[in-house]
Every structure is written in structure tokens, then in C-alpha cells.
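Shown next, in C-alpha cells, is the structure this report addresses.
Each reported figure results from applying straightforward, stated rules to the coordinates on display, with no laboratory input. All values reported here derive from a predicted model rather than from experimental measurement. Every residue, glycine among them, receives a Cβ derived from its backbone with ideal geometry; neighbour counts consider all protein chains shown.
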Amino acid sequence: MMSSPFYEAAHSGNLIAALKLIDSLKLNFSRFSLFSGYVCPVQKITGNQIPVALAYRISQESNLKLNDKIFLMNSKTGNSMAERMLFLPEYSGQVSDGNYIIVDDVFTTGITLKYLKNYIESTGNSVNSIYTLGNSKHGLRFEPSKLDLRILVARFPQIERYFNLSELTFSQVHFMLRFPSLDSFHYYIFTKQTEILCS
């Protein structure tokens, strides 16, 4: 996807380029023919239009209606795991009643999709599926299991002082479990933030 001649313009906010990028991927949207309800992209007020173009094409090729009225109101400052660990997405917008499929261009930690899911479900609606063009080594799994959380708390008994466990994603939990102590995790976050501020 990133090698596409349309990628830079699409990622910078050009919807026409994003539609051309999606079309150039020759995706098969037949999997969505059994769904009804809404398709909703992770949509920023400005910038990356790839999720919007993806949701638009899915709505054209299925019975799903496009909900393009929900926006990600903030954005992370970078792409390091340290920045992703501290990022708490905020959504705003109109949620129409129905079932939802949520889409994004890539899935790294799953935090933006998880918060979009939570936002939609906080209105009494349900998210039945997620779809992305690319995903992390963990696949599209964003909810950690109860066992994952028990292991995290056993290793770091004071973790709940710093993180609300229900807000963590599977990728974030497994990233933290790479550290031998909470101090080493804090040191990593502090070092990365200092590098960002000094650059």
C-alpha cells in the first residue's frame, strides 16, 4: 500500500487519491454482502483519507451505509510505541442506530479502533466486526484476554496506578510484558519522550 503512487497524497488528506489507492488494491468486498447496518472509518478531521475511502468503497459494494459523521478529535504525535502507549483517542460525532463494521487503514496497537468501538457501543449500538488493510503481528485482536491481564498484574502489581486495564489493547499488554520491571518500562517511555522533545 505504501508503495502506491497515490499513498502520500491519500495519507496527507486527498480523498480522490485515497479512492484511487483503494481501487488499485483490487480488494474483494464480497465478505460484506451478508452484513447490514453501517460501515464507519477511523476518520480524522484533517489528514489521512485512506480509511474514509475504504469505508466508502465498502458501502458501495454492500448493503452497509456509510457513517462518516464520527471523528477522531485528537491524534498521536508520532509512531513509536511509547507515543502509542500514552495516546488516548477521543471521538465525537453522530452515531446512527444499528450494527457497525469499523475500518482503518492499518492496525498497529488497535487503540484507535478500540476507542471507536467503545464510542459507538456507549450509545447502545454494537460493533460486529473490524476491517483493516494491514495489521500487526498480533492480527486484528485488540482485546487482551483475562489471562493476559492477570499475567500483567502479577508481573507489575502496581500497574493500575498508571493504566486503566480496560483501556489497554492486546498489543500494548504484550509490549509491556517484554519489560522485566515497571521501572524499566517507565525508563523506556521517559527516554522516548525525551528523544521526541529534543528532536
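Going by alpha carbons, how many degrees (0 to 90, nearest 10) lie between the helix axis of 111-121 and the longest principal axis of the chain?
On a 0 to 90 degree scale, this one is about 70.
For the chain, what is the relative contact order in percent, using Cα pairs closer than 8 Å and at least 6 residues apart in sequence?
Details: 313 pairs, mean separation 30.8, N = 199.
Answer for the chain is 15 percent.
Can you tell me the 0 to 90 degree angle between the C-alpha axis of helix 15-24 and the longest principal axis of the chain, rounded to 10?
The answer is roughly 90 degrees.
Among K26/K192; K20/K76; K26/K146, which pairs are too far apart, with a Cα-Cα distance over 32 Å?
Numbers: K26/K192 38 Å; K20/K76 26 Å; K26/K146 38 Å.
Pairs exceeding 32 Å: K26/K192; K26/K146.
Among 185-194, 59-68, what's the highest-first ranking by average C-beta atoms within 10 angstrom per residue?
Numbers: 185-194: 14.6, 59-68: 16.8.
Most protected by this proxy first, the peptides run 59-68, 185-194.
Extension gain K26-N79, at 0.36 nm per residue separation less the Cα-Cα distance, in nm? Let's see the in-between values first.
Working: separation 53, 0.36 × 53 = 19.08 nm, distance 2.77 nm.
My answer for the length gained is 16.3 nm.
On a 0 to 90° scale, report how tilted helix 182-198 is relative to the longest principal axis of the chain, with both axes built from alpha carbons and the result rounded to the nearest 10.
60
Consider a paramagnetic label point 7 Å from the Cα of F179 along Cα→Cβ; state which residues of the stretch 145-167 have an amide N under 11 Å from it.
156, 159, 162-163
For the chain, what does the helix formula give at 222 nm: sum of -39500 (n - 2.57) over DSSP H segments with n ≥ 4, over the residue count, nearest 500 deg cm²/dmol?
Helix contribution divided over all residues of the chain: -11500 deg cm²/dmol.
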